[in-house]
Amino acid sequence: MASCELTIQLTEPEAIFHGGDAIHGHVIVRVDKNVTCNGLKVSTGWETHGKGNVDRKTVEETVVFHGKWSAGESHRYDFTLPCASWPPTYHGHHLNIDHFVYAQADIPWAFDPKTKYPIRVVSLQADPLDPQKEADSTELSGAIVSVIFGLVALAFVAVAAVMALFNPFFSVIVFGFMALVGVWWLFTSFLPNWKLGSVRHRLETDVAHPGDSVHANLRVHPRSSVRINGVEWTIKAEEVVVRGSGTDRKTYRHEVASHRVRASGPTRLDARRDHNFALVFPLPDDSPYSIDLDDNDLRWTVKVRIDIPNWPDWNGEEALLVRPRVDASERQARRAPEAANDSEPAAESTRFTDVIGLVARARGDMDNLERILEGVADIEFDVQAKLERRISVGRIDPRIGYEDGIVVMAAHPDPHLPLLLYASSSTAAQLDAYYGRVWQGRGTIVGYDRRIGNLEIRISENERRK
Amino acid sequence: MQDSIQDPRRCSVPARVTPPAWLPYGHLHLWRNPFGELPWEDRIAAAEVDVTRWLPVLSRPKTAVQFMGDCGRGKTTHLLALLKYAPQAAYVYLPEAQPHPPIPTTSPLFVDEAQRLGWRIRRRVWQRGQPLILGTHLDLTRSLQRFGYDVETVTVSQQVSEEQLGRIFRQRIEMAALGTGPVPDISSARIHSLMDAHGTNIRAMLETLYDVFETLKGSGDGKL
């Protein structure tokens, strides 16, 4: 019989948490026997489950109690812990990812009672892996693999040739194997390329978000005219998980989504000119994100096939990354309340007007004002400002404005707050039409000029005009 | 978040909570498919085989028990079941195409895929005389006997019974239970059909049961 039973209860058990959100709850301990607890640990984390080896990670942990418990007692211990930012909760076929709050009591010389409670997590930001670095490293590793493969193949041929001199039977086996490899290469690579000439397949969308369009291009430049039956793209998502290791290793695949787009029907490709086939495919809004864990992946690929009549087809494939779209207003809604003074009511709106209100109230408290500015840094807003006049400030700090740009005195209408707008020379002409009137456009808050009490805003290039 | 030590607050025990509605197997009072891959510590806990007759080996020098059988028959499960009785032991898995980890001198010593030991390392390990529990595809009796070992060989494919399979499957289901209500059971008829289809290959049975439970899932592919 266990010495105690643990139960976890959350303040919001049905909530959907966003990456980094605080999870509030308590652990209830029901004690069956007198026991000493060396530590009641509560933690948050995630783990995979399904057919693949388990990948998991602990986000944060805390010890909420250590001491003695007496039989028959029940105790409650509160906790607040953050959930992970990535990966998101996912329920597939071979691959599942779930987040949990875990509780475990360290009982010496006994089985440690433990429990866990599942929570749903939506990711607002993706794995910090840089897609460009990932692409670069993929190209580099691909080149290294090719060189190594070539060297190994050469060594193999050399050894095989020497051994064949001593054992003709061995030579039959070796050259038979080489012939099979050669035939495979002939049909999958040499013949299609020989028929089509120069073929270039390029995925123009490295990183896509659900709801975005995926763009790709296929260019064929044949040496001589060739007829094809058609060009077809396939955009596919697949769970790929690995169970076991070594000889016991097995890979399981499950197709989650597959979309075919026919780019061309039967046609003739004329010699010595470029033929381009474009792909524009809108990813469904509910497309799952790309996931790359140790033994559990969800992979998106964009494949293209050129169907050549009575000839091996040409095939190309590239990996596509599908990531969360980080909504700026959503992110600001989660950061601005943290930056506001504790006595201030939490900001419920993410609009520029609300930020202006916060800044206006915080002007007498520079610490608080700086926290607010930190919280809204790099967020692009829809800016409203009544333009007053251009001013000359000497050299413009390029971290704030545009070196060849202008500075405009302005004010937010309601609530009233003086502003300094930094605009580029290309935008300056547009602003000329708005002096004395309210202008609307896009910009980011870059600072606060304490000398004159103006909030500094850098107007985005190519801002829209209203 | 700082570590915090709180004063306890006494309270009454709450009633059982209902399972989260969004969990794919919540309607079965399970948090996951019971027949998926388990983390290491759960594999040890789930190792449902009777190994008590080999317990003396754990403390007897120059004594070895080797579990032999094809993949999926339960060699590793037997090793893990014995490991529960020897928390101080070292467990080493020898991968096929990767560098081998160092072999500890801890006693007893568990070696999974022991047939992959190179002859030099094997000689060094056998010379130590520590109790050995081996999972292997090759019979290492003669090699061990040359170093004075008493060897018992267990062919695991002969160890599986319907009752044992029932315990294995129920243990797995219990490990996936949310604790909010009754969980499914595996009938004798189902166990019989699994034995007919897969013989003694427990791993194949687990894969079949995984696919069966997938059909019982409540929510769709890839959707939160």
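The values are calculated or read from the model by the stated rules, or taken from the named source; none is laboratory data. Not measured: the values here are computed from a predicted model. Ideal geometry is used to build each Cβ from the backbone, glycine not excepted, and the neighbour counts take in all protein chains shown. All accessible areas refer to the heavy atoms of the entire protein, side chains included, with ligands and DNA or RNA removed. Shrake-Rupley method; radii C 1.70, N 1.55, O 1.52, S 1.80 Å.
Among the trypsin sites (Lys or Arg not before Pro) in the stretch B:110-187, those placed in a DSSP loop whose Cβ has at most 14 other Cβ atoms within 10 Å are B:ARG146. Loop sites by DSSP among the chymotrypsin sites (Phe, Trp or Tyr not before Pro) of chain A, restricted to those with at most 16 other Cβ atoms within 10 angstrom, leave A:112-434 as the longest stretch without any of them.
Hey, which of these cross-link pairs are over 25 Å Cα-Cα: A:LYS303/B:LYS217; A:LYS51/B:LYS75; A:LYS41/B:LYS75? Mind dumping the intermediate values first?
On the way: A:LYS303/B:LYS217 31 Å; A:LYS51/B:LYS75 20 Å; A:LYS41/B:LYS75 34 Å.
As for pairs spanning more than 25 Å Cα to Cα, those are A:LYS303/B:LYS217; A:LYS41/B:LYS75.
Mind giving me the FRET efficiency for A:VAL162 and B:ALA97? R0 is 25 Å, r the Cβ-Cβ distance, nearest 0.05 is fine. Once the sixth-power term is evaluated, E becomes 0.50. Using a probe of 1.4 Å, the accessible surface attributed to A:HIS24 totals some 80 Å² when neighbouring protein chains are kept in position.
Quote the total accessible area buried by chains B and A together, excluding ligands, DNA and RNA, probe 1.4 Å, nearest 100 Å². Could the numbers behind the result be given before it?
Working: alone 13400 and 25670 Å², together 34670 Å².
Using a 1.4 Å probe on protein heavy atoms, the buried area is about 4400 Å².
Would you calculate, for chain A, the mean residue ellipticity at 222 nm contributed by helices, counting each DSSP H stretch of 4 or more residues as -39,500 (n - 2.57) and dividing by all residues, to the nearest 500?
Working: 7 runs with 101 residues, N = 466.
Calculated at 222 nm, the ellipticity per residue is -7000 deg cm²/dmol.
Step by step: find N for chain A, compute 2.2 N^0.38 Å, then divide the Cα radius of gyration by it. What's the final number?
Numbers: Rg = 31.0 Å, N = 466, 2.2 N^0.38 = 22.7 Å.
Compactness ratio reported: 1.37.
Under 13 Å between alpha carbons, and skipping anything fewer than 8 positions from B:LYS62 in its own chain: which aspartates and glutamates qualify? Qualifying aspartates and glutamates at Cα under 13 Å: B:ASP150, B:GLU152. Between B:GLU174 and A:ASP32, the modelled label-to-label distance comes to 1.1 nm, taking each label 7 Å out from Cα in the direction of the beta carbon.
Probe of 1.4 angstrom, ligands and nucleic acids ignored: what's the accessible area per residue over the stretch A:156-276, in square angstrom?
Details: 6900 Å² over 121 residues.
Per-residue accessible area for the stretch A:156-276 comes out at 57 Å².
Of the trypsin sites (Lys or Arg not before Pro) found in the stretch A:181-239, those that fall in a DSSP loop while having at most 14 other beta-carbon atoms within 10 Å are A:ARG223. Helices from chain A with mean Kyte-Doolittle at least 0.5 and a Cα length along the axis of 24 Å or more, per DSSP H: which? Result, helices passing both filters: A:131-166, A:168-185. Summarising the amide proton neighbourhood of A:HIS91: residues at separation of 5 or more, or on other chains, whose placed amide H is nearer than 5 Å comprise A:ILE97, B:GLY222, B:LYS223. Taking GluC sites (Glu not before Pro) as candidate sites, keep only those in a DSSP loop with at most 16 other Cβ atoms within 10 Å, then name the longest stretch of chain A containing none of them. Result for the longest clean stretch: A:205-347.
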